[in-house]
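Report on the structure given below.
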Number of protein chains: 2
Amino acid sequence: MALIVQKFGGTSVGNPERIRAVAEKVMATHLAGHQVVVVVSAMSGETDRLLQLARAMAAHPAERELDTLLSTGEQVTIALLCMALEEMGQAAQSFTGTQVAITTDSAHTKARIEHIDDHKIRSALESGKIVVVAGFQGVDLHGNITTLGRGGSDTTAVALAAALRADECDIFTDVDGIYTTDPRVESRARRLDRITFEEMLEMASLGAKVLQTRSVEFAMKYNVPVRVLSSFQDGPGTLVTNEENSVEAPRVSGIAFSRNEAKLTMIGVPDHPGIAHSILGPVSEANINVDVILQNISEAGKTDFTFTVDRNEYAQAKDILGAVAQKLEAEDVRGDDHIVKVSVVGVGMRSHAGIAATMFATLGKENINIQMISTSEIKISVVIEEKYLELAVRALHAAFNLDGEAPI
Amino acid sequence: MALIVQKFGGTSVGNPERIRAVAEKVMATHLAGHQVVVVVSAMSGETDRLLQLARAMAAHPAERELDTLLSTGEQVTIALLCMALEEMGQAAQSFTGTQVAITTDSAHTKARIEHIDDHKIRSALESGKIVVVAGFQGVDLHGNITTLGRGGSDTTAVALAAALRADECDIFTDVDGIYTTDPRVESRARRLDRITFEEMLEMASLGAKVLQTRSVEFAMKYNVPVRVLSSFQDGPGTLVTNEENSVEAPRVSGIAFSRNEAKLTMIGVPDHPGIAHSILGPVSEANINVDVILQNISEAGKTDFTFTVDRNEYAQAKDILGAVAQKLEAEDVRGDDHIVKVSVVGVGMRSHAGIAATMFATLGKENINIQMISTSEIKISVVIEEKYLELAVRALHAAFNLDGEAPI
């Protein structure tokens with residue numbers, strides 16, 4: 001008998017019929033002899049409906065009240081799923097974040113889980129019940145309802161799995177696993193049977209939206225095996241664990257990319273110690289994340305300084321940089337919001353040389369100019385012109401032998 | 001500075017615009033120097049929407065889960081109202097039943113309040129906040145969410161007023177007070193300035209739906225003055241208190257009626273001690289409330305036994321009575337679901353003789369046959385044919401000098 005946490009997102013519980021289908025899936029696991037804790041999101045559309053009501057009340061709704069409002073979405077789903085299970089003759093019990101209790105800090109709308117009390121859940125499981133927990137929500141030390149931010153249900157599931165020392169955490173989504181790259185860009189993309197947390201983190205932070213980054217960090221920290229599966233079709237999905245692939249593992253596991261990129265360059269800025277902080281300080285103070293950074297070799301006491309930001313923060317970042325440039329007496333600020341980032345990811349890189357060389361050669365052969373480069377131990381990212389995105393992804397997918405139908 | 005509890009029903013908070021209007025009303029009371037605790041229901045239509053979802057999941061949804069589901073309705077409203085208040089620059093704080101905490105027994109869907117912790121509410125009030133509490137819901141000793149049953153928000157408001165020793169409990173509804181009778185039946189019906197709890201209880205139990213019976217009992221027990229007001233127009237409403245009207249008070253305060261009546265008669269049942277229990281025992285075991293009861297004088301060892309029930313329980317009661325009649329060897333069971341009950345109500349009756357005589361004479365003059373009679377210290381009810389309802393109400397309204405425009 002294993003203890004399995006299963007998480008179903010908003011699309012999977014989007015209407016009564018789908019909730020019943022989830023109940024059947026969960027029952028099947030229970031009947032196979034396992035203890036099951038289910039984590040659910042709000043029915044798809046519900047969170048948006050509630051946000052619309054909030055915006056009708058106030059331009060900037062009070063955050064404590066926003067959490068009280070939004071948390072009702074998941075509360076509706078847990079009740080409905082339990083009703084479906086009880087209708088099938090299966091004892092079930094729902095838990096809000098408060099009822100568990102999932103204790104968080106008091107940072108409304110983006111709270112962090114501090115502690116999970118497993119007492120009530122364990123006793124419900126031991127009495128043979130299926131336990132259904134509201135994702136995305138918690139409670140602070142004063143009894144205020146908090147939420148973990150969008151996608152927080154993944155985090156709830158992984159955190160619960162860690163607290164309960166579950167054998168596996170199944171994340172049911174609308175895709176059937178993690179792919180070598182986005183199948184909409186490269187039809188020869190393959191589903192991966194296994195991937196490491198580190199690779200998953202790089203894939204997620206590079207634009208693969210299957211799992212929320214924070215939930216992967218949590219799973220890695222507490223070593224909770226996570227399986228990404230489809231709600232709508234059977235299959236083994238992709239298992240995300242700490243274990244690396246076998247010796248035969250490929251050097252590269254996947255090609256990730258992000259279209260949500262823009263770059264800013266400050267030209268002819270006097271080069272002296274602390275210049276990077278003078279430029280990036282005001283940007284980060286505005287809560288704008290800077291990603292790839294490039295500082296040119298200084299020439300005649302002046303240098304060029306380039307960095308990338310999220311495309312939707314481009315305009316704001318450009319305004320800030322304009323003011324900074326005046327102060328620093330730089331020559332000019334230039335921007336480009338038609339760039340993208342393409343990355344090769346794989347723990348196999350650690351033991352294989354020449355990945356970067358292959359990557360650059362492949363892009364060069366396609367006449368794709370590399371504007372910026374950023375590397376980590378298990379990924380190499382390049383910034384290129386937006387129009388080359390599909391070409392670059394397909395060329396790299398082929399170059400690293402990721403094409404094909406057979407599972408790895 | 002007074003402490004005032006104000007309750008707004010589902011129609012009063014039916015959309016964002018109306019919630020804003022409620023916020024303004026509440027603010028006005030706050031700006032007049034009072035501490036305000038607001039109790040709100042779910043937005044009109046919301047409870048029905050949730051019930052529909054529940055019924056899509058199960059024919060008889062698990063009651064614990066039904067409470068978890070339905071309680072989200074009020075939780076949405078408290079958050080939205082607080083957002084509206086904060087948008088007006090007014091500090092506000094919402095409380096679910098769990099957060100207060102409003103502790104109830106564990107009788108899901110019809111829980112009873114056992115204790116209210118006033119600690120958190122008082123501290124919010126003392127810091128200058130308007131407090132907004134979800135009506136209709138509570139929490140049992142195990143942390144399960146409970147609901148008080150339909151109309152339970154009135155009970156929440158009165159119970160809170162009692163626990164906080166509030167100066168007044170204002171119930172905002174879609175009518176502007178308690179009337180001498182239903183204005184849809186008698187256009188000369190007048191709004192009463194004052195009414196006693198006892199009269200209100202009789203009016204409510206006799207079909208006047210303005211206040212939930214349980215909330216009036218609660219208010220009477222804890223001596224909480226209750227004012228019934230309109231959400232949509234200004235006015236003094238009707239004050240419900242323990243105090244009787246002045247010496248000049250009329251003998252009768254109002255004419256109440258109920259269309260929701262049916263009667264059943266067991267004919268020719270052998271008369272022996274315990275016969276009433278033999279007949280009514282099986283009926284009450286089926287949870288059917290019996291109202292007016294009439295047993296004829298025995299003749300030749302046999303008697304007729306008649307009682308009234310709610311019209312929607314008529315069919316079930318008739319089936320039960322059929323089985324009982326066979327066992328008791330009674331001659332026949334007859335039923336009539338085209339009867340109504342009309343009542344005159346007034347604490348003034350205590351000190352005025354001849355109310356019954358006037359009532360019977362008035363009905364007699366209109367050729368209305370009285371089928372059954374039931375009396376209490378402050379009301380006389382008669383069961384009559386349904387078709388005479390309007391005629392009876394108007395005749396009695398005039399006979400007891402209730403017609404007119406001027407307030408009492």
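Listing for the model above:
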item: Looking only at region A:66-79, and only at residues there that are of a type in the set (Ser, Thr, Tyr) and under 23 Å from the mean Cα position of the chain (by Cα), the one that is farthest from the other protein chains (Cβ to nearest Cβ); result: A:77
item: Test: residue in region A:122-136 that is at pLDDT below 95, under 22 Å from residue A:201 (Cβ atoms), surrounded by 22 or more Cβ atoms within 10 Å (Cβ to Cβ) and away from every other protein chain (no Cβ under 14 Å); result: no
item: Evaluation of residue A:159 against (1) assigned to a helix (DSSP H, G or I); (2) over 21 Å from residue A:96 (Cβ atoms); (3) among the aliphatic types (A, V, I, L, M) (one fails), failing number; result: (2)
item: Test result for residue B:107, over 19 Å from residue B:23 (Cα atoms), buried (at least 21 other Cβ atoms within 10 Å of the Cβ), more than 11 Å from every other protein chain (Cβ to nearest Cβ) and not β-branched (Val, Ile, Thr); result: no
item: Selection from region A:328-350 of residues that are in a helix (DSSP H, G or I) and touching a residue at least 40 places away in the same chain (Cβ under 8 Å); result: A:328, A:347, A:348, A:349
item: Residue count, region B:183-205 (criterion: in a loop (DSSP other than H, G, I, E, B) and buried (at least 19 other Cβ atoms within 10 Å of the Cβ)); result: 4
item: Hits in region B:140-165 - residues which are surrounded by fewer than 24 Cβ atoms within 10 Å (Cβ to Cβ) and farther than 23 Å from residue B:191 by Cβ; result: B:140, B:141, B:142, B:143, B:144, B:149, B:150, B:162, B:163, B:164, B:165
item: Qualifying residues in region A:90-104 (those that are surrounded by 24 or more Cβ atoms within 10 Å (Cβ to Cβ) and more than 10 Å from chain B (Cβ to nearest Cβ)) - the one farthest from residue B:57 (Cα to Cα); result: A:104
item: Qualifying positions in region A:1-22 - buried (at least 17 other Cβ atoms within 10 Å of the Cβ) and touching a Gly at 6+ places or on another chain (Cβ under 8 Å); result: A:7, A:10, A:14
item: So residue B:123, is it of a type in the set (Ser, Thr, Tyr) and touching a residue at least 12 places away in the same chain (Cβ under 8 Å); result: no
item: Hits in region B:23-65 (condition: buried (at least 23 other Cβ atoms within 10 Å of the Cβ), within 27 Å of the chain's Cα centre (by Cα) and within 11 Å of chain A (Cβ to nearest Cβ)); result: B:23, B:42, B:43, B:61, B:62, B:65
item: Within region A:62-140, helices (runs of 4 or more DSSP H) holding 3 or more residues that are acidic (Asp, Glu); result: A:63-87
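The values are calculated or read from the model by the stated rules, or taken from the named source; none is laboratory data. This one's a predicted model, so the numbers in the text were calculated from it and none came from an experiment. Cβ atoms come from the backbone with ideal geometry, glycine included; neighbour counts cover every protein chain shown.
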